[in-house]
Amino acid sequence: MTPHPNHLRIYNSLTRQKEVFTPLNSEQVKMYVCGVTVYDYCHLGHARAYVVWDMVRRYLQTLYPVRYIQNITDIDDKILRRAQEQNVTMQELAERYIATYNEDMARLNILPADEYPRATASIPEIIALIEQLIEKGFAYASGGDVYYAVQQFPSYGKLSGRKLADMQAGASGRVDETEPHKRYPFDFALWKGAKPQEPFWESPWGKGRPGWHIECSAMVRRHLGNSIDIHAGGADLQFPHHENEIAQSEAAIDQPLAKYWLHNGFVNIDGEKMSKSLQNFTTIRNLLAVYEPMAMRLFILQAHYRQPIDFTEAAMNAATKGWETIKEALIFGRDFGSLVAEDFSAVPFSQFHEGMMDDFNTAVAISCIFELAKELKAERNNLSHTGKTQRDPAQLGQIWHTLQYMTNILGFVVDQSEQLASGTTDDLAATVENLIEQRRLARKSKNFKESDRIRDELKSMGVTLVDQPDGTTRWLKS
């Protein structure tokens, strides 16, 4: 089954239901994902979010051209505090963690965004948007700060389902003493007046820096236009960040900011929500020191993206074993290329697309991958024991190329430095090749007893021989 764009249904957090995905313009789907605040190493929650949105982007690209933008927040209270603690500039700290972010994402095989706009490079657009909101009566300047007046936006809360009246009742009259210039407790900062020893930019309201929420509204508009197809991020961003983005952007442009809002579920660590306060916060690079990157990717994608996932040692061990099965199948074509029909095109697997078309159900898609991977594993075992396969090259080609097609869409890749076949180490390779040559000479002289003895010796070393139709011999290290 070739996927048809009209069959794709996605869950829209705004309407709280699955909808047929219909882009604003089929010539280019516009997708914006909230990026990292660069003051620390990325953690498992980041890994889940960016693997998920990379998967969504990859699948959408089988249907439409996609423009994918992911911002970088490089000015923020957390960044400033960490820079002061480490006695470095905000820019130095940001550059350090942008570099580590890029390294982590590359190891997880996450495609780079088309652009990574930075908040500090978007100040003119931020100021212009704030001015527009003030002019239209949705924002006000007070004491060097500028605030968004949430009561002026009647639909505030439509994404998260929260109502201002309920929020106010729950606040019990509390006042935020750190922001004394607010007119209403739930107004939020668009511009913050500069404090001593902080970086700042000149603005119509004095020296200061932007608030967090306004940054994304300005960057979406600059890089993708007023309205986009998909705005995505973690469930923790739904309120207040995405709610506030809607209030800002839609008050300014009088049209929807995004047609579809997508949110990925939380990550739990041994049953508890991951958080620094619980001290179960773990970085991507610490995890990748123990587990293979693609095992981590498999662990993330085995669950539906909207559901919470529980990170445990047992779950990661299972994902590691699962990845070994997939990896062994992917390497099949490299190790036994002469047995695979190279000109055989992949045939898209109908069940795979049915799963992906149903709100990117990767659990179904991965079950299809395992089905084909196990078939190739069986063929590898046949080769190991008999030197023969049970299928002709066309059948093997269909299985292998279809497996490649599906794993490419989900972003699985075999590190070329990893080998299940010959050449695991130079010393082993030399020993094996020498024994293979001895066996060839024994067979040529019809000394089959010696030939079998050498095969058994190699087998005791974990080496399996595969005799090729052209008379050459390949070998496999288990």
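The values are calculated or read from the model by the stated rules, or taken from the named source; none is laboratory data. From a predicted model like this one, the values you see are computed outputs, not experimental measurements. Using ideal geometry, Cβ is built from the backbone for each residue, glycine included, and neighbour counts are taken over all protein chains shown. Ligands, DNA and RNA are excluded from the accessible area calculation, which covers all protein heavy atoms including side chains. Shrake-Rupley method; radii C 1.70, N 1.55, O 1.52, S 1.80 Å.
Details
- Residue within region 214-222 that is part of a strand (DSSP E or B), closer than 20 Å to L24 by Cα and not acidic (D, E) present: no
- A365 being more than 23 Å from L60 (Cβ to Cβ), hydrophobic (A, V, I, L, M, F, W, C) and not in a loop (DSSP other than H, G, I, E, B): no
- The set of residues from region 378-392 being farther than 23 Å from D452 by Cα and buried (at least 17 other Cβ atoms within 10 Å of the Cβ) comprises just one member, R391.
- Condition met for P199 (open to solvent by 10 Å² or more (accessible area, probe 1.4 Å), over 20 Å from V36 (Cβ atoms) and at pLDDT below 95): no
- Residue count for region 376-386 under the criterion of being within 11 Å of I399 (Cβ to Cβ) and either among the polar types (S, T, N, Q) or free of Cβ contacts under 8 Å to residues at least 40 places away in the same chain (or both): the result is 1.
- From the options A47, A113, A106, residue that is touching a helix residue (DSSP H, G or I) at 6+ places or on another chain (Cβ under 7 Å), farther than 18 Å from H241 by Cβ and either of a type in the set (S, T, N, Q) or modelled with pLDDT of 95 or more (or both): A47
- A single member of I123, I130 is surrounded by fewer than 22 Cβ atoms within 10 Å (Cβ to Cβ), at pLDDT 95 or above and not aromatic (F, W, Y), and it is I123.
- Strands (runs of 3 or more DSSP E) (entirely within region 17-117) containing at least 2 residues that are open to solvent by 30 Å² or more (accessible area, probe 1.4 Å) and among the charged types (D, E, K, R): 17-20
- Taking region 15-50 as the range and being of a type in the set (A, V, I, L, M, F, W, C) and more than 22 Å from the chain's Cα centre (by Cα) as the test, the residues that pass are V20, L24.
- Scope region 401-424; condition at pLDDT 90 or above and either open to solvent by 10 Å² or more (accessible area, probe 1.4 Å) or not in a loop (DSSP other than H, G, I, E, B) (or both); matching residues: T402, L403, Q404, Y405, M406, T407, N408, I409, L410, V413, V414
- Condition met for F344 (modelled with pLDDT under 90, in a loop (DSSP other than H, G, I, E, B) and crowded, with 16+ Cβ neighbours inside 10 Å): yes
- Each residue in region 164-194 was checked for being assigned to a loop (DSSP other than H, G, I, E, B), in contact with a Pro (Cβ under 8 Å, 6 or more places away or on another chain) and either more than 21 Å from G208 (Cβ to Cβ) or modelled with pLDDT of 90 or more (or both), and 2 pass.
- Listed by first and then second residue, the pairs with beta-carbon distance under 6 Å, at least 6 apart or on different chains, first residue in region 400-411 and touching a residue at least 12 places away in the same chain (Cβ under 8 Å), second open to solvent by 30 Å² or more (accessible area, probe 1.4 Å) and of a type in the set (A, V, I, L, M), are H401/A346; T402/A346; T402/V347; Y405/A346.
- The residue pairs whose first member lies in region 124-150 and is under 12 Å from F188 (Cα atoms) and among the basic types (K, R), whose second member is outside any helix (DSSP H, G or I) and modelled with pLDDT under 95, and whose beta carbons are closer than 8 Å, counting only pairs six or more residues apart or on different chains, do not exist in this structure.
- Of the residues making up region 231-272, those that are closer than 24 Å to F311 by Cα and hydrophobic (A, V, I, L, M, F, W, C) are A232, A235, L237, L262, F266, V267, I269.
- Some residue of region 361-374 being more than 23 Å from L111 (Cβ to Cβ), small (G, A, S) and at pLDDT below 80: no
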